[in-house]
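> Here it is, the structure in full.
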Amino acid sequence: MSTAFATIDELRTALDSGKSSVVEIVTDCIERAEASQDSIHAFIGLRAAGAIDDAKRADARRASGEVLSPLDGIPVAIKDNMVQAGEPTTCASRILEGFVSPYTATAVERLERAGAIIIGRTNMDEFAMGSSTEHSHFGPTRNPWDLTRTPGGSSGGSAAAVAAGIVPAALGSDTGGSIRQPAAFCGVVGMKPTYGRVSRWGLVAFASSLDQIGAFARTARDCAEVIEVIAGHDHRDSTSIPAPVPHYAESFHGDLNGVTLGIPTEYFEAEGVDSDVLESVRAAIGQFEKAGAKTVEVSLPHTRYAIATYYLIANAEASSNLARFDGVRYGHRSRDANGLTQMYRKTRSEGFGTEVQRRIVLGTYVLSAGYYDAYYRKAQQVRTLVRSDFERAFETCDALVTPTSPEVAFAFGDKTDDPLTMYLSDIYTASANLAGIPGVSIPCGRVGGLPVGLQLLGKPLDETTPLRVADAYQRATDHHLHHAGSSE
Ligand code: GLN
């Protein structure tokens, strides 16, 4: 069987029936990854030999009847900001040149323990700062639907790897939209769970109060399966939530009877939103109603402050988190420096790209003595208001429906000259990080041949409702079955 574009479910059936072996599936995956590097460039590094060894072990397990989990033998890619013991991690930055991790991130370790095969590390914006994967030290990833366009970011490599049919699933991280926006641009499913649902141990920190690991897949069902494996309390991350993880698919009934969906007025009136994108999202809302959902209008009045608030808090936290990259213990170190201070300065100037430097400067500024109250403290106060907007909205509904991004995938270079226009791409996604709530993006149509993403946001710790709605939609429609290069 051809394993390109296969879902986890399909691969598992092929394995269970003996039609394919794990070694065959993983070999295919790696061949596709290698063959697409020149055009799509989804990966920073492949684990070809290690993955084949793991695959042999998975086949041996299967032969002796001990399958570890539903993900045993399933290939998965990870974003290059999660560490795996013995493997490099770069965060798409020169500053981590030569770094090899001595330990494994909890989310990755849980995949390994479930028997999933990690095939490689995907490309991203440097330190996850960006919305297009153009800020990678190793060069951009291209959108499989149209190679002149970006795949979104910052988890663009993971989204593109799934969209190009290389892997059925991949991990990403989402600080302000970095899973949901590339999922939308690449026509795949991408979920950011509740803050604290998945351990951040071993995820290189960008903005610690916003960062969350999540997953990409072709279907809501597959995405739910991956989240289920990586989620759950971890004592090594003090912000990880000690709550049981449900078996999400148990709630996938196909109908949406009893579900009330909130439509935030402000999200449909925002400036600069493509009217064709809104039309696709409205058509999908009609489909939800057909499946039994009720809809109500809700208001999130502080939406217009979300981007400013997000960029103040994210940059402040980044400036502090990135202080550790100083050339002393690991990564790049400038060769021609005189003395310690100059070594720090040169190492960081050479090692960090322009966008990362911009954010460190902005973040340091808003935390500085004279400006802390005016910017950082104010931003924290507005963050509380954004969060209470959601609390109020969720009094009348179970989940919210919004576009994921104001437009479809944009062309390379379109937004690189003006960072502010790039920042505005996060208008629909960043609020969920400020509030810590879960969100999933699913494909809901195409505009000019490019995928449109719809976002479902849930109450804290309720990944189930957004996933259930997404699954019901995918049972009734076929948008998720189209892929780059497929005929209509
Ligand atoms: N685009 C946003 C940023 O550049 C979000 C990034 C992310 O979620 N990692 O900060």
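> Calculate the spin-label point distance for residue 49 paired with residue 63, positioning each point 7 Å from the Cα along the beta-carbon direction, and give it in nanometres.
Between residue 63 and residue 49, the simple spin-label model gives 2.3 nm.
> Under the rule a/c < 1.5 gives rounded, and otherwise a/b versus b/c splits prolate from oblate, where does segment 305-349 land using the Cα gyration tensor?
prolate
> As an exercise, use a Förster radius of 30 Å and the Cβ-Cβ distance of residue 147 and residue 97 to find the FRET efficiency, rounded to the nearest 0.05.
Efficiency for this residue pair is about 0.60.
> If you roll a 1.4 angstrom probe over the protein chains with everything in place, what fraction of the accessible area of segment 129-235 belongs to carbon and sulfur, to the nearest %?
53
> Would you compute, from DSSP H runs of 4+ residues alone, the mean residue ellipticity of the chain at 222 nm, taking -39500 (n - 2.57) per run and dividing by the full residue count, rounded to the nearest 500?
-11000 deg cm²/dmol
> Shifting gears a bit: Search the structure for amide H atoms under 5 Å from the amide H of residue 45, placed 1.01 Å from N in the peptide plane, and list their residues when 5 or more places away or on another chain.
So residue 45 has HN proximity to 121.
> Under a Cβ-Cβ cut-off of 14 Å, what is the net charge of the residues other than residue 242 that fall near it, where Lys and Arg count +1 and Asp and Glu count -1?
Cβ neighbours under 14 Å give a net charge of 0.
> Could you provide, to the nearest whole Å², the per residue accessible area of the chain with probe 1.4 Å?
37
> Further question: If one computes the Cα centroid of segment 36-84 and of segment 117-150, what distance in Å separates the two points?
20
> Further question: To the nearest Å, what is the center-to-center distance of segment 345-414 and segment 289-312, using C-alpha atoms only?
So the two Cα centres are separated by 17 Å.
> What residues have an amide H closer than 5 Å to that of residue 215, excluding those fewer than 5 places away on the same chain, when H is modeled at 1.01 Å from N in the peptide plane?
Here the answer is 172, 191, since their amide H atoms fall under 5 Å of that of residue 215.
> Then there is this: Please label the shape of segment 354-488 as rounded, prolate or oblate, based on the square roots a ≥ b ≥ c of the eigenvalues of the alpha-carbon gyration tensor (a/c under 1.5 means rounded; beyond that, a/b larger than b/c means prolate, else oblate).
It comes out oblate by the Cα gyration axes.
> Divide, for segment 84-228, the radius of gyration over alpha carbons by 2.2 N^0.38 Å, where N is the residue count.
So segment 84-228 has a normalised radius of gyration of 0.95.
> Treat each spin label as a single point 7 Å out from the Cα along the C-beta direction, and report the residue 294 to residue 364 distance in nm.
Label-label distance for residue 294 and residue 364, simple model: 5.5 nm.
> Still on this structure, please answer the following. Pairs to check: 346/415; 19/56; 192/378. Give those whose C-alpha atoms are more than 18 Å from each other in this structure.
Among 346/415; 19/56; 192/378, the Cα-Cα distance tops 18 Å for 346/415; 192/378.
> Could you give me the ³J(HN,Hα) list for segment 256-273, computed from phi with Karplus coefficients 6.51, -1.76, 1.60 and θ = phi - 60°, whole Hz, x at Gly and Pro?
Once rounded to whole Hz, the list reads 10, 4, x, 9, 10, 9, x, 10, x, 3, 4, 6, 9, 10, 4, 6, x, 8.
> Residue 112 accessible area, nearest 10 Å², 1.4 Å probe?
Accessible area, nearest 10 Å²: 70 Å².
> When the Karplus curve 6.51 cos²θ - 1.76 cosθ + 1.60 is applied with θ = phi - 60°, which whole-Hz ³J(HN,Hα) does each residue of segment 62-70 get, with x for Gly and Pro?
4, 4, 9, x, 10, 8, 6, 6, x
> Contour minus end-to-end for residue 385 and residue 113, with contour as 0.36 nm per residue of separation and end-to-end as the Cα-Cα distance?
Once the chain is fully extended between residue 385 and residue 113, it gains 93.9 nm.
> At 0.36 nm per residue, and after removing the present C-alpha to C-alpha distance, how many nm does the segment from residue 372 to residue 340 gain when stretched out fully?
8.7 nm is the gain from fully extending residue 372 to residue 340.
The values are calculated or read from the model by the stated rules, or taken from the named source; none is laboratory data. As the structure is a prediction and not an experimental result, all values here were calculated from the model. Note that we place each Cβ from the backbone using ideal geometry, even for glycine, and neighbour counts take in every protein chain shown. For accessibility, only protein heavy atoms count, side chains too; no ligands or nucleic acids. Shrake-Rupley method; radii C 1.70, N 1.55, O 1.52, S 1.80 Å.
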